[in-house]
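Comments concern the structure below.
The values are calculated or read from the model by the stated rules, or taken from the named source; none is laboratory data. It should be emphasised that the depicted structure is a prediction, and the values quoted were computed from it without experimental measurement. Because the Cβ atoms are built from the backbone with ideal geometry, glycine has one as well, and the counts that use them run over all protein chains shown. Heavy atoms of the whole protein, side chains included, go into the accessibility calculation; ligands, DNA and RNA do not. Shrake-Rupley method; radii C 1.70, N 1.55, O 1.52, S 1.80 Å.
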Amino acid sequence: MKPIAILGAGLAGLTAAADLKKRGLPVIVFEAGPAIGGMAASFKDAEGFSYDFGAHFVSNRLAKAMGTEDICRTVKHYGEAVLVGGRMRSHPFGLMREPRFALGALKAKLSAKRAPAASAADWFRGAYGEALAEAVAIPLAEAWSGAPAAELAPSVGEKFGHGALKSLYLTAAQVLTGRAVCNGYTREMPESAGVYHVYPEGGLSKLLAPMATSVASNVRLGSPVEKVVVEGGRVVAVRSKGETTPVSAVVSTAPVNVLPKLVEGTAALDELASFRYRPMIFVNLKFEGRGLLPDTMLWVPEGGTPFFRLTEAPISMPWLAPEGKTLITADIGCQVGDEWWTMPDADLAEACLAGMNRIFGDLGPRYLGAGGVIRTSVAYPVHLEKYEAARRRFALATGVEGLWSVGRNGEFAHILMEDVYWRTKRRMEEVAAFVGGGARGAEAADHGRIAA
Ligand SMILES: Cc1cc2nc3c(=O)[nH]c(=O)nc-3n(C[C@H](O)[C@H](O)[C@H](O)COP(=O)(O)OP(=O)(O)OC[C@H]3O[C@@H](n4cnc5c(N)ncnc54)[C@H](O)[C@@H]3O)c2cc1C
């Protein structure tokens, strides 16, 4: 049998490869970069500060499924706060101590059934009430996406967690069990008191180690796929570094707006070219002391700072910084090539420090210097209403027989690692059925044709 080509050796690509290999199917994983892991990357500096590609929180259930349960430490606490009206409020319940937010939310709950939301802005107003939507949800969505909330699809709101009762139960479970119970980290599997955050020894990237070992002989590093060849509506080959490899199917984890450029021989994917991702910069700053933020994550919707979010991961994972010291990550939304994107790392750190000084007073005496800076052009998929219909079609199938697109950027979905894992495994059932032929294979092929 011709091999199944997998584009990318991040979590999704490795999950796909390990799953298909276990079924006895031949796979080749083409990874454009020099290492496996994609966004699941970890770094440590000479002074003992560790950080990942943005702050990452994963669950014990995912670690167990990936065979890394034994090397994981339990995270005891996780919490979020919001800076609103110059005051720190815990999220979500502290916000309700502001009478205008509580009344607005109540009014929204009691109001007669409205027409379906036409935009994310509408969705926020309907779900949270006018005051909370205007002061917190809308400015955050805009800072995060770089687009007006009125142009974002209502599906942006859907990514936000559970209702108040479920959140209350999960928060109470955290207090009672002394473990950071996950809240809003997966939609594919139920969240409960028994599903809590963990962190692998040596960094988040270690989560992928057993899977990477199981497919090591199938991975080609430094091998970007430059072309996916389609004939008669079906994938037949891939080209990498000038070499063409005949394939029985392709599983891509590349950003979806790149796919139309890779795929040759069909126009079925052309509408994906307009989908956009939000580029982002993650700036790490080192400080003396611990607990500078009110909680692990602080949302800053009020503007006036380069960042819209700060994360002090050592509040949850004390081992990420040397004792008595801490690391804060500032998230800056930007565009490729703009003043933030092109700013030298040292100036980015200075700008973030100045922003933090505005919130916390002078942190200068505690500041120990910049940690690493990470830039990515594809941090978050932006769901604009104008391509929402195309996005929903694409969520069902790529429209090309034998081509699957999985993973966070591959699905163009707001999904975290656990959902990437479960969803990719589910999709591999379709791939296996397709290459295996038979009734289920025909069904899988039909699936592609119907979407086309
Ligand atoms: C800032 C930030 C914070 C996050 N925090 C969390 C968190 O707290 N908890 C959580 O669970 N998740 C979190 N996530 C999400 C998580 O990182 C992702 O869901 C997951 O890592 C995605 O894996 P992936 O394999 O889909 O994509 P990626 O990791 O991006 O892997 C894709 C791979 O494909 C390769 N590739 C691309 N094009 C080609 C090509 N043409 N040929 C060959 N290879 C190619 C790339 O080099 C890359 O290695 C966060 C993400 C970000 C950006």
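So which residues in the range 172-203 are charged (D, E, K, R), open to solvent by 40 Å² or more (accessible area, probe 1.4 Å) and either touching a His at 6+ places or on another chain (Cβ under 9 Å) or part of a helix (DSSP H, G or I) (or both), if there are any at all? Hit for the range 172-203 is Arg179, nothing else. Looking only at residues in the range 359-373 that are touching a Phe, Trp or Tyr at 6+ places or on another chain (Cβ under 8 Å) and either without any contact (Cβ under 8 Å) to a residue 60 or more places away in the chain or not aromatic (Phe, Trp, Tyr) (or both), which one is surrounded by the most Cβ atoms within 10 Å (Cβ to Cβ)? Residue satisfying both the conditions and the ranking: Gly371. Looking across Glu80, Glu31, Glu47, one residue alone is crowded, with 23+ Cβ neighbours inside 10 Å, among the acidic types (Asp, Glu) and either touching a residue at least 12 places away in the same chain (Cβ under 8 Å) or assigned by TED's automatic domain parsing to the domain that holds Gly222 (or both). It is Glu31. Among the residues making up the range 377-388, those that are open to solvent by 30 Å² or more (accessible area, probe 1.4 Å) and either at pLDDT below 95 or not in a helix (DSSP H, G or I) (or both) are Ser377, Val378, Tyr380. Suppose the filter is over 24 Å from the mean Cα position of the chain (by Cα), assigned by TED's automatic domain parsing to the domain that holds Phe49 and among the aliphatic types (A, V, I, L, M); does Leu292 pass it? Here the answer is yes, as Leu292 does meet what is asked. Taking strands (runs of 3 or more DSSP E) as the structural unit, those lying wholly within the range 1-58 and holding at least 3 residues that are within 12 Å of the ligand (Cβ to nearest atom) and out of contact with any His (no Cβ under 7 Å at 6 or more places or on another chain) correspond to 4-7, 27-30. Whether a residue is closer than 22 Å to Ala313 by Cα, open to solvent by 70 Å² or more (accessible area, probe 1.4 Å) and either polar (S, T, N, Q) or at pLDDT 95 or above (or both) was assessed, and Lys206 passes this test. Of the residues making up the range 11-24, just one is touching a strand residue (DSSP E or B) at 6+ places or on another chain (Cβ under 6 Å) and open to solvent by 10 Å² or more (accessible area, probe 1.4 Å), namely Lys21.
Contact annotation: residue pairs with Cβ atoms under 7 Å, 6 or more positions apart or on different chains, pairing a residue in the range 206-230 that is closer than 24 Å to Thr68 by Cα with a partner that is within 10 Å of the ligand (Cβ to nearest atom) and in a helix (DSSP H, G or I), are Leu208/Leu11; Leu208/Leu14; Met211/Leu14; Met211/Thr15; Ala212/Leu14; Val215/Leu14. Here is the figure for the range 400-452: residues that are out of contact with any Lys or Arg (no Cβ under 7 Å at 6 or more places or on another chain), of a type outside the set (A, V, I, L, M), at pLDDT below 95 and in a loop (DSSP other than H, G, I, E, B) total 1.
Taken as a whole, the condition of being away from the ligand (no atom under 13 Å from the Cβ) and closer than 18 Å to Ile28 by Cβ does not apply to Pro224.
Considering each residue of the range 378-427, count those that are within 11 Å of the ligand (Cβ to nearest atom) and aliphatic (A, V, I, L, M), and give that number.
Summing the residues that are within 11 Å of the ligand (Cβ to nearest atom) and aliphatic (A, V, I, L, M) in the range 378-427 gives 8.
The set of residues in the range 291-309 being closer than 19 Å to Asn183 by Cα and not charged (D, E, K, R) consists of Pro294, Thr296, Met297, Leu298, Trp299. In the range 157-170, is there at least one residue being without any contact (Cβ under 8 Å) to a residue 60 or more places away in the chain, touching a helix residue (DSSP H, G or I) at 6+ places or on another chain (Cβ under 8 Å) and in the same structural domain as Ala389 (by TED's automatic domain parsing)? Taking every residue of the range 157-170 in turn, none turns out to be without any contact (Cβ under 8 Å) to a residue 60 or more places away in the chain, touching a helix residue (DSSP H, G or I) at 6+ places or on another chain (Cβ under 8 Å) and in the same structural domain as Ala389 (by TED's automatic domain parsing).
For Tyr78, are the conditions met, namely being in a loop (DSSP other than H, G, I, E, B), under 25 Å from Ala379 (Cα atoms) and aromatic (Phe, Trp, Tyr)? Taking the combined requirement at face value, the residue satisfies it. Looking only at residues of the range 235-278 that are charged (D, E, K, R) and more than 14 Å from the ligand (Cβ to nearest atom), we find that the one that is surrounded by the most Cβ atoms within 10 Å (Cβ to Cβ) is Arg276.
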